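Structure first, then comments.
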């Protein structure tokens, strides 16, 4: 949460065991009596101040593309345990997580909107699990490049499914608007999404007419085919 906030946005995850979560505030901070039982005064602001420049440098590296967020968290996460930058990130993250928990429990509109967004993300994961049935073969899981290829292919197919659904949803919505249907309102659009699979056969037969587009996809193969055809004619 500390890294995401330094990058300019709030991380709003679906946290497990919410009832067991505790609030963290700076040392010597006045805590209301109603919250004493669930609050720890263990955040060290002086530690955050000492490592602030390093935290900003890490965020700037991610922002500028010098490294990815995954690489930054791998380098300065648990692997950097005991270093001041790690400890400062943990204490800063506790503060932002405390703010998030307070908003979650006290702001009903925020809680409902966050759950709505997270459910949309889970719906995309359901589509991906439906497309990729089974486990990734061991030989593909051994190398980062092969895993990246599998992930990219799965993302492409998932986006194709959602684009297909979106196109047909828009077409039906246009029809309803033309006929002046009053039963469907614009506000209803936020309750539907392009992640339904009922109208798609995910286990059908796919036919790719590669020969028809070989001259566009593989120019060298097309040239070889033309050369071979001329030899046969001769």
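The values are calculated or read from the model by the stated rules, or taken from the named source; none is laboratory data. Note that the structure is a prediction, hence the values are computed from the model and not measured. Neighbour counts run over all protein chains shown; Cβ positions are idealised from the backbone, glycine included.
Some notes on this structure:
- Residue, surrounded by the most Cβ atoms within 10 Å (Cβ to Cβ), within the stretch 85-96, restricted to residues that are in contact with a strand residue (DSSP E or B) (Cβ under 7 Å, 6 or more places away or on another chain) and farther than 14 Å from residue 52 by Cα: 94
- Of the residues 42, 30, 53, the single one that is assigned to a loop (DSSP other than H, G, I, E, B), more than 22 Å from the chain's Cα centre (by Cα) and over 22 Å from residue 112 (Cα atoms) is 30.
- Enumerated helices (runs of 4 or more DSSP H) restricted to the stretch 121-234, each holding at least 2 residues that are at pLDDT below 75 and either at positive phi or within 25 Å of the chain's Cα centre (by Cα) (or both): 138-141
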